[in-house]
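Colleague: Here it is, the structure, as structure tokens.
We did not get these values from a lab; they are worked out from the coordinates using the rules stated. On a predicted model such as this, the values are computed, not experimentally measured, just so you know. In this analysis, Cβ positions are derived from the backbone assuming ideal geometry, glycine residues included, and neighbour counts consider all displayed protein chains.
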Amino acid sequence: MRYDTILLDADETLFDFKRSEREAVAEAFRSIGVEADEEMLRVYSEINGSMWKLLERGEIEKKVLFYHRFEVFFERYGIIADPHEMADRYMERLAEKGYLLDGARALCLRLREVARLYIVTNGTEFIQRGRYAKSGLSDCFEDTFISDVIGAEKPSVTFFERVAEQIPDFRRERTLIVGDSLTSDMQGGVNFGIDTCWYNPQGKEVSPNLSGKITYIAGSLEEIYDWIVRGDKV
């Protein structure tokens, strides 16, 4: 085996965040008397995604992100409501959603037989731990590293340094990060000097700044396992 330590991203690598987000947003809006249609849910998701990109680049604080995404959404749709209260309602509901992507648990069960598994995620502690507890993955992982607790966000080197400090006998050359995000997971792995596996089921293009730097690109969860166990080089 080429790797004995595997860092796995959570959302959209193992967890079905899109389903969780849609349900939590719809329920939160409903609690203030707003029935969100498909277009509204899509717009919110786009706003939220753009805010997390700002966070990765250090251009917004997480505590501001939580409510500002609703400020932007409310302004667009002319909704009169408290964005701070809405943020609380949404996050409370999101913490209850532990949906996994198809094949995620099977992948983790197989990988835990050949390597130590750790979750590495940018997120809020009570939300991620709530979802994790409901996911059925607790028997697969040695530990979970959440940016809120770590005190830094992927893709910063600081995040990975603090993770490495807490993993016994950590060796960069024996460590792999697996994730769906080019900007946080892949860029973070490259920044820190560990091998990277980009989970890319949609067949997206690699960004120019990462071209030739990603160790492996997988189109399915099954392909991730096969490649890790084979240990083939790209």
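Colleague: Determine which single condition D185 fails, assuming it passes every other condition in (1) crowded, with 21+ Cβ neighbours inside 10 Å; (2) out of contact with any strand residue (DSSP E or B) (no Cβ under 9 Å at 6 or more places or on another chain); (3) not hydrophobic (A, V, I, L, M, F, W, C).
Modeller: (2)
Colleague: Check whether at least one residue in the range 10-30 is assigned to a loop (DSSP other than H, G, I, E, B) and among the aliphatic types (A, V, I, L, M), and report yes or no.
Modeller: Looking through the range 10-30, at least one residue is assigned to a loop (DSSP other than H, G, I, E, B) and among the aliphatic types (A, V, I, L, M).
Colleague: Looking only at the range 80-104, which residues are part of a helix (DSSP H, G or I), of a type in the set (D, E) and within 23 Å of the chain's Cα centre (by Cα)?
Modeller: D88, E92
Colleague: What residue, among those in the range 118-145 that are within 13 Å of the chain's Cα centre (by Cα) and aliphatic (A, V, I, L, M), is nearest to K63 (Cα to Cα)?
Modeller: I127
Colleague: From the residues in the range 29-56 that are under 19 Å from the mean Cα position of the chain (by Cα) and touching a residue at least 40 places away in the same chain (Cβ under 8 Å), which one is surrounded by the fewest Cβ atoms within 10 Å (Cβ to Cβ)?
Modeller: Of everything passing the filter in the range 29-56, K53 is surrounded by the fewest Cβ atoms within 10 Å (Cβ to Cβ).
Colleague: So, one more: Counting only residues that are assigned to a helix (DSSP H, G or I) and more than 23 Å from M1 (Cα to Cα), how many does the range 157-187 have?
Modeller: Residues meeting the conditions: 9.
Colleague: Of the residues V149, V163, V178, V120, only one is surrounded by 21 or more Cβ atoms within 10 Å (Cβ to Cβ), closer than 30 Å to R89 by Cβ and not hydroxyl-bearing (S, T, Y); which?
Modeller: Sole residue among the options that is surrounded by 21 or more Cβ atoms within 10 Å (Cβ to Cβ), closer than 30 Å to R89 by Cβ and not hydroxyl-bearing (S, T, Y): V120.
Colleague: Determine the pairs where a residue that is assigned to a helix (DSSP H, G or I), located within the range 61-79, has a partner that is of a type in the set (S, T, Y) with Cβ atoms under 7 Å apart, the partner being 6 or more residues away or on another chain.
Modeller: From the range 61-79, the pairs are F73/Y44.
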